[in-house]
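Colleague: This is the structure I have questions about; it appears just below.
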Amino acid sequence: KHMLEQADKGYKIISLCQPDGFQPCQCEDCGKLYNTGKNWGEKIWILHRDLARHLHKDRPGTKVFLLSYGLTWMPPETFKEFPPNAIIMLCRMWPDHLKAWGECKVPAGYAGYLYLWGTYNTLAYLPSTTPSKINDVVKSMHAFGVHGFHLDASFHTFGLEGPSYYT
């Protein structure tokens with residue numbers, strides 16, 4: 001319902017993500033959901049794929065970001081093709097993740113989540129990366145087919161990281 005409401009407001013891309021600190025339901029019915037046992041990453045992928053399919057049918061042309069994060073760092077095990085409107089937002093772009101994602105068909109492509117720069121992995125008020133490192137990251141993301149980037153949070157230390165943001 002929320003996705004349809006957002007599409008009806010004119011949004012062309014809708015985000016569908018599990019939150020930080022996701023805690024799975026412990027009830028018996030949810031445990032049986034999709035016959036995936038306790039594999040909650042798989043349950044999330046199946047649910048999100050199905051919601052993307054419905055959105056594609058009900059609001060053609062509206063795309064949906066599906067977040068590869070936390071329990072869904074790696075691609076699904078039970079399917080390897082996403083609906084034509086699904087964009088995968090990759091939060092980890094390490095070689096093993098990219099290799100696994102390279103085996104999936106994602107017609108709408110990928111986006112990159114730029115907290116992988118390291119902002120959350122350093123002390124505040126220090127630069128988290130260099131322009132050279134960002135250049136390497138951007139080149140690898142482009143080669144993989146990433147169409148856009150999302151910067152989580154704000155420019156933490158623009159004076160020190162300005163050249164990296166510019167890169």
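Just so you know, all these numbers are worked out from the coordinates, no wet-lab data involved. On a predicted model such as this, the values are computed, not experimentally measured, just so you know. For neighbour counting, all protein chains shown are included, and Cβ atoms are generated from backbone atoms with ideal geometry for every residue, glycine included.
Colleague: Using the Cα centre of the chain as origin and beta-carbon charges of +1 (Lys, Arg) and -1 (Asp, Glu), tell me which of VAL138, HIS97, HIS56 is placed farthest towards the positive end of the dipole.
Modeller: HIS56
Colleague: Give me the one-decimal nm value for the distance between modelled label points at LYS9 and ARG92, 7 Å along each residue's Cα-to-Cβ direction.
Modeller: Distance between label points: 3.2 nm.
Colleague: Under a point-charge model restricted to the Cβ atoms of Lys and Arg (+1) and Asp and Glu (-1), what is the dipole moment magnitude of the chain relative to its Cα centre, in debye to the nearest 20? Before the final figure, lay out the partial values.
Modeller: Values: 17 positive and 15 negative charges, 76 e Å.
Taking the Cα centre of the chain as origin, the dipole is about 360 debye.
Colleague: Could you check the simple spin-label distance between HIS142 and GLN23, using points 7 Å along Cα→Cβ, in nm with one decimal?
Modeller: 4.4
Colleague: Evaluate the distance, in nm, between pseudo-label points positioned 7 Å from the Cα of THR130 and of TYR166 along their respective Cα→Cβ axes.
Modeller: Here the modelled spin labels are 1.7 nm apart.
Colleague: Taking Cα atoms, how many degrees apart are the long axis of helix 40-58 and the longest axis of the chain, rounded to 10 and kept between 0 and 90?
Modeller: The helix 40-58 is inclined about 80 degrees to the chain.
Colleague: By average Cβ neighbour count within 10 Å, what is the ranking of 60-67, 75-82 from highest down? Before the final figure, lay out the partial values.
Modeller: Numbers: 60-67: 19.4, 75-82: 15.2.
Sorting 60-67, 75-82 by mean packing, highest first, produces 60-67, 75-82.
Colleague: Which semi-axes, in whole Å and largest first, does the equivalent ellipsoid of the range 14-97 have when worked out from the alpha carbon gyration tensor as the square roots of 5 times its eigenvalues?
Modeller: Numbers: eigenvalues 86, 57, 28 Å².
So the equivalent ellipsoid measures 21, 17, 12 Å along its semi-axes.
Colleague: Could you work out the equivalent-ellipsoid semi-axes for the chain, taking the square root of 5 times each eigenvalue of the Cα gyration tensor, largest first, in whole Å?
Modeller: Values: eigenvalues 175, 71, 53 Å².
Semi-axes, largest first: 30, 19, 16 Å.
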